[in-house]
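Peer 1: Can you keep this structure in mind? I'll have questions shortly.
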Amino acid sequence: MRRAKITIIGAGNVGATCAHWAAAKELGDIVLVDIVEGMPQGKALDLYEASPVEGFDARIIGTNSYEETADSDIVIITSGIARKPGMSRDQLLETNTKIVAEVTAKAVARSPNAVLIVVSNPLDAMVYVASKVSKFPSNRVVGQAGVLDVARYAAFIAAEIGCSVKDVSALLMGGHGDDMVPLPRYTAVAGIPVTQLMSRDRLDAIVQRARTGGAEIVNLLKTGSAYYAPSAATVAMAESIIRDQRRIMACAAYCDREYGVGGYFVGVPCVLGRGGVERVIEVELDAAERDMFNNSVSHVRELVGVAQKFLG
Ligand code: APR
């Protein structure tokens, strides 16, 4: 059987760490692409040299061109500039729209059957840009945001309760970070509703910390943004697709009639399998949750409106 092929565009912190997680899981052969000369080649070689120690089989190459990316099954887009302290995701919009549009066009020309996973921020707009430029069916374009937000939320819940992270099962919806819609009634720990395990105040504080989880890391690092958890989240999505696991994950997926979104990519629970987004799952929202979700969608709409101008 042919091994899966994964192209990762942007060999910075998120991209290179994606390569690391993907290689460790033996998800397939990996091509790391970046504009900086030598850097993707160096990181790819270094990671390949780790393979005898860790015992994973993967061909890992780094490049500044797209020839080697041909016929990829998955293309992960992380290229762009990262958020600096005090900078909002929206301020990244113009630069990253241009970068994501350029790399998408180059990648899809050589991998017309790939599933695109977009990671670059502001995510909800960048996934729209990749979709427009690629002209791929909407099930083959998906954004990574929800898996990370849910991971942060779950990690804080487990730490608060003092239990294994493996027992936390949670769902969040809407836009990335500041815009996410918490759904405590869909959060359980070993099947026990989380609301029975901690006070509403503690849970609210955890939701708020997850919401601003990206900024918390930026403020600590000072010279860049989070990458371990974002890349782990991205590779979990890639794994579900490559291995057709059909996991249900919160992803930025195209919603038209779903939730009445009207043609935008927003964070919703999806089944991820070989075809990409196999299905968007519509869960019941109460009035307050729906209000928050609609708010989040209107922010996505605004962002996309601005990105459209930069797309020309
Ligand atoms: N083509 C290829 N690579 C590019 C291009 C381009 N046109 N423009 C920039 N890059 C590369 C940069 O050279 C850099 O190596 O993208 C990489 C980005 O890496 P980092 O600056 O380390 O940023 P990182 O922390 O990896 O974040 C990448 O993911 O989570 C999001 O907000 C984050 O949008 C940011 C993205």
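The values are calculated or read from the model by the stated rules, or taken from the named source; none is laboratory data. Remember, predicted model here, so these are calculated numbers, not experimental data. Neighbour counts are summed over all protein chains in view; Cβ atoms, including those assigned to glycine, are modelled from backbone coordinates with ideal geometry. Surface accessibility is based on the protein's heavy atoms, side chains included, excluding ligands, DNA and RNA. Shrake-Rupley method; radii C 1.70, N 1.55, O 1.52, S 1.80 Å.
Peer 1: Kindly identify the stretch 146-311 as rounded, prolate or oblate by the Cα gyration tensor criterion: order the square roots of the eigenvalues as a ≥ b ≥ c, call it rounded if a/c is under 1.5, otherwise compare a/b with b/c, prolate if a/b is larger, else oblate.
Peer 2: Rounded, since a/c falls under 1.5.
Peer 1: May I pose another question? Once you charge only the Cβ atoms, +1 for Lys and Arg and -1 for Asp and Glu, what is the size of the charge dipole of the stretch 146-311 about its Cα centre, to the nearest 20 debye?
Peer 2: Values: 17 positive and 19 negative charges, 77 e Å.
Charge dipole, the stretch 146-311, about its Cα centre: 360 debye, nearest 20.
Peer 1: Let me ask something additional. I'd like the trypsin sites (Lys or Arg not before Pro) in the stretch 250-312 restricted to DSSP loop residues with at most 14 other Cβ atoms within 10 Å, sorted by number.
Peer 2: For trypsin sites (Lys or Arg not before Pro) across the stretch 250-312 that sit outside H, G, I, E and B with at most 14 neighbouring Cβ atoms in 10 Å, the list reads 257, 274.
Peer 1: Roughly how many Å is it from the Cα centre of the stretch 168-243 to that of the stretch 249-312, as a whole number?
Peer 2: Comparing the Cα centres of the stretch 168-243 and the stretch 249-312, I get a distance of 17 Å.
Peer 1: In the chain, which helices (entire DSSP H runs) extend 24 Å or more along their own long axis, judged by Cα positions, while averaging at least -0.5 on the Kyte-Doolittle scale?
Peer 2: Membrane-span-like by this criterion, though nothing is claimed about a membrane: 93-110, 287-311.
Peer 1: Now for a separate question. Translational diffusion coefficient, Stokes-Einstein: compute it for the chain using the Kirkwood radius over C-alpha pairs as Rh, at 10 °C and 1.306 mPa s, and state it as an integer in µm² s⁻¹.
Peer 2: 82 µm²/s
Peer 1: Then there is this: Work out how far the C-alpha atoms of the stretch 1-63 reach from end to end along every principal axis, then list the three figures in whole Å, largest first.
Peer 2: Largest first, the stretch 1-63 extends 31, 23, 16 Å along its Cα principal axes.
Peer 1: At a Förster radius of 25 Å, what calculated FRET efficiency corresponds to the Cβ-Cβ distance of residue 166 and residue 192, to the nearest 0.05?
Peer 2: 0.95
Peer 1: Here is a follow-up. What does the charge add up to near residue 209, with Lys and Arg as +1, Asp and Glu as -1, over the other residues with Cβ less than 14 Å from its Cβ?
Peer 2: Within the 14 Å Cβ shell, the charges total -3.
Peer 1: Still on this structure, I have one more. On alpha-carbon atoms, Rg over Rh for the stretch 5-143 using Kirkwood Rh?
Peer 2: Rg divided by Rh gives 0.97.
Peer 1: Under Stokes-Einstein, with the Kirkwood radius over Cα pairs standing in for Rh, what whole-number D in µm²/s applies to the stretch 233-289 at 4 °C and 1.567 mPa s?
Peer 2: 111 µm²/s
Peer 1: For the stretch 267-312, give the magnitude of the charge dipole about the Cα centre (Cβ charges: +1 Lys/Arg, -1 Asp/Glu; no others), in debye to the nearest 20.
Peer 2: On the way: 5 positive and 7 negative charges, 74 e Å.
Dipole of the stretch 267-312, to the nearest 20 debye: 360 debye.
Peer 1: Now a separate question. All other residues with a Cβ under 10 Å from the Cβ of residue 284 taken together, and with Lys, Arg as +1 and Asp, Glu as -1, what is their net charge?
Peer 2: Cβ neighbours under 10 Å give a net charge of -1.
Peer 1: Continuing with the same structure: With Cβ to Cβ distances under 13 Å as the rule, what net charge do the other residues near residue 103 carry (K, R +1; D, E -1)?
Peer 2: +1
Peer 1: Greater than 31 Å separation of Cα atoms is the criterion. Which listed pairs, 43/222; 132/166; 5/135, meet it?
Peer 2: Numbers: 43/222 23 Å; 132/166 37 Å; 5/135 21 Å.
Among 43/222; 132/166; 5/135, the Cα-Cα distance tops 31 Å for 132/166.
Peer 1: To continue, here is another question. How long is the gain from residue 57 to residue 113 if the chain were fully straight, where each residue apart is worth 0.36 nm and the alpha carbon distance is subtracted?
Peer 2: 17.7 nm
Peer 1: When ligands, DNA and RNA are left out and all protein chains stay put, how many square angstrom of accessible area per residue does the chain have with a 1.4 Å probe?
Peer 2: Values: 13860 Å² over 312 residues.
Accessible area per residue: 44 Å².
Peer 1: Same structure, new question: Along Cα→Cβ, 7 Å out, is where each label goes; now give me the distance between the ones at residue 202 and residue 50 in nm to one decimal.
Peer 2: 3.6 nm
Peer 1: State the answer as a single residue: which of 24, 159, 295 lies farthest towards the positive end of the charge dipole of the chain, with beta carbon charges of +1 for Lys and Arg and -1 for Asp and Glu, about the Cα centre.
Peer 2: Checking the options against the dipole of the chain, the answer is 295.
Peer 1: Roughly how much of residue 49 is accessible, in Å² to the nearest 10, using a 1.4 Å probe?
Peer 2: It works out to around 110 Å².
Peer 1: If you don't mind, another one. How much of the accessible area of the stretch 62-187, probe 1.4 Å, is carbon plus sulfur, in whole percent?
Peer 2: Carbon and sulfur: 50 percent of the exposed surface of the stretch 62-187.
Peer 1: Okay, next question. Pop the C-beta distance of residue 223 and residue 309 into the FRET formula with R0 = 41 Å and round what comes out to the nearest 0.05.
Peer 2: Step by step, r from the Cβ atoms, then E = 0.85.
Peer 1: Which ³J(HN,Hα) values, rounded to whole Hz and listed in residue order, are derived for the stretch 112-119 from phi using the Karplus coefficients 6.51, -1.76 and 1.60 in 6.51 cos²θ - 1.76 cosθ + 1.60 with θ = phi - 60°, glycine and proline given as x?
Peer 2: Using θ = phi - 60°, the values come out as x, 10, 6, 9, 8, 10, 9, 10 Hz.
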